[in-house]
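Here the structure comes first, spelled out in structure tokens, and everything after it is commentary.
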Amino acid sequence: MRAGGNTGHIEIMYQTSIKDAGGGQMPGGQALYWATSVRVYTIKNKRDAESYTTNLEEPKEFVMRYRPDKTVQKNMIVKYLNTEYTIQSITNTDDRNRELVLVCLTLK
């Protein structure tokens, strides 16, 4: 993937515990796992969109460079343009470890 072809920037966050005022742990925090450039597509093909969409959401595809030191998981959150997305699928496009495609829905 050429860096010049990327059209956006995302942050991939994971859930973490945060310390409360009493020194205990409270779930619900987020920490940055990976910030990267991506190509962003809105899935418009009706058949493809119907398989992901609920309540007229517009699923997004984020295509990024594969990195062997990063393992993206479905329980992570994608932040793009001040909107949070849940990861629905993660695909290594050609099994040659060049690109990952994340299909995501808006987090409600």
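The values are calculated or read from the model by the stated rules, or taken from the named source; none is laboratory data. What you see is a predicted model; the values in this text were computed from it and never measured. No Cβ is skipped: glycine too gets one built from the backbone with ideal geometry, and neighbour counts run over all protein chains shown.
For residues in segment 10-27 being among the hydroxyl-bearing types (S, T, Y) and closer than 30 Å to V63 by Cβ, which is surrounded by the most Cβ atoms within 10 Å (Cβ to Cβ)? If we take residues in segment 10-27 being among the hydroxyl-bearing types (S, T, Y) and closer than 30 Å to V63 by Cβ, then Y14 is surrounded by the most Cβ atoms within 10 Å (Cβ to Cβ). For segment 1-18, filtered to residues that are assigned to a helix (DSSP H, G or I) and within 18 Å of Y80 (Cα to Cα), the residue that is modelled with the lowest pLDDT is A3.
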